[in-house]
Amino acid sequence: MQSQPPVKARPGSPYLGERATQVVGQATATITVTYQQQTRLGHVVAQPYIQSYDWMRSCALRVGRSGEETMGTQVAAGTVIRNATSEDLPAIMDVERDWPRSERAPVEKMAARLERFPEGVFVGEVEGRVVGVTTSCPTVYEPDHVDVFTSWDAVTNKGWLRDRDEIAGANAVYIVSTGIKKAYRGSGLFRPLIGRQIDLSRRLGLRYCVTGVILEGYAAYLRDNAPLPAADYALLRPNGCHVDPLLEKARHAGFRVPDARHVVPGYFASEGALDWSAIMVYDAEKDLPPTLSGAYPGRARRTGKHHVSR
């Protein structure tokens, strides 16, 4: 076939030429776009215009706190991920204060998590300062009965967790929340924090580690593309990568969306996600254990910004 000129970006976008480099969170996804190949990333790159560039970049700016600013950064030297204690509570609340007021957990709720499931509360320290925190709880997850995951409130007892004697037959660790101070978002701290939750599930002999992830880019995607059901959007993986930047980041931390049943309406309230979320799962019997950095040997290391409700 005769070679054709490279595709140009639509008006208002930078001219990207034959190689379009798109920044999402810390990473770059290089897309070859030519008339000859008519490369089409799911429903994202459409016709001769690179519709995905502005959309993905806007997601990076909104969700990733500016991909250009964080691209290529690494976990700072002297970073330590460890179990939290009650003495860490003031520092944990300092991390919470970096989130919008509506997304913060009150100190009483964080104290309850430390009391009811202390082994599931980890902090990330950089040079002795707590700058990140992740919390979890035991739960029961059955792949064929995911309908019990109706909302974050239902799974986590509105973030207060449940006493252990209320949880019979737990086979999973559920990640309740993950927060990182603004100055350290994009530094590579997210995946080591989440990696400790996966490691915890394995150490406790639990098959699964589960988390809920909002489809943060869904509303923006629909503005630029043809209508698409949320489940189809969540499962879009052109070139093996999720279209949604938060799902993609969770994938690189070791999680996957098993099927359409795991895409749930009303799980979290999120305007950008149109209130849609995905229940993402790490299965110790099927999935490779991630390294502490969250990367898999031999796999690309690309991330966006991930958010777990408070």
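The values are calculated or read from the model by the stated rules, or taken from the named source; none is laboratory data. Here the structure is a predicted model, which is why all the values come from computation and not from measurement. In this analysis, Cβ positions are derived from the backbone assuming ideal geometry, glycine residues included, and neighbour counts consider all displayed protein chains.
Listed values, structure above:
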read-out	value
Number of the condition not met by Asp163 [criteria: (1) over 21 Å from Ser102 (Cα atoms); (2) modelled with pLDDT of 95 or more]	(2)
Thr211 hydroxyl-bearing (Ser, Thr, Tyr), assigned to a strand (DSSP E or B) and touching a Lys or Arg at 6+ places or on another chain (Cβ under 8 Å)	no
Residue ID - farthest from the chain's Cα centre (by Cα), chosen from residues in segment 252-271 that are modelled with pLDDT under 95 and either in a helix (DSSP H, G or I) or crowded, with 24+ Cβ neighbours inside 10 Å (or both)	Gly254
Cβ pairs under 8 Å, 6+ apart, first in segment 168-185 and within 22 Å of Trp99 (Cβ to Cβ), second among the acidic types (Asp, Glu) and not in a loop (DSSP other than H, G, I, E, B)	Gly179/Glu96; Lys181/Asp94
Residue in segment 220-228 that is modelled with pLDDT of 95 or more, of a type in the set (Ser, Thr, Tyr) and not in a helix (DSSP H, G or I) present	no
Selection count where residues are of a type outside the set (Phe, Trp, Tyr), closer than 16 Å to Phe190 by Cα and out of contact with any Pro (no Cβ under 9 Å at 6 or more places or on another chain), scope segment 243-283	7
Selection count, segment 235-250, where residues are out of contact with any strand residue (DSSP E or B) (no Cβ under 7 Å at 6 or more places or on another chain) and either under 21 Å from Ser151 (Cα atoms) or among the hydrophobic types (A, V, I, L, M, F, W, C) (or both)	4
Residue in segment 112-146 that is surrounded by the fewest Cβ atoms within 10 Å (Cβ to Cβ), counting only those that are small (Gly, Ala, Ser) and either assigned to a helix (DSSP H, G or I) or not assigned by TED's automatic domain parsing to the domain that holds Ser177 (or both)	Ala112
Unique residue being without any contact (Cβ under 8 Å) to a residue 60 or more places away in the chain and either acidic (Asp, Glu) or closer than 18 Å to Ala253 by Cα (or both) when the list is Val148, Val121, Val133	Val121
Qualifying residue in segment 211-221 (condition: in contact with a Cys (Cβ under 8 Å, 6 or more places away or on another chain) and acidic (Asp, Glu))	yes
Condition check for Gly240: crowded, with 24+ Cβ neighbours inside 10 Å and over 25 Å from Arg196 (Cβ atoms)	no
Condition check for Gly205: at pLDDT 95 or above and assigned by TED's automatic domain parsing to the domain that holds Ser151	yes
Which numbered condition Lys109 misses (of (1) of a type outside the set (Ser, Thr, Tyr); (2) surrounded by 14 or more Cβ atoms within 10 Å (Cβ to Cβ); (3) touching a residue at least 60 places away in the same chain (Cβ under 8 Å))	(3)
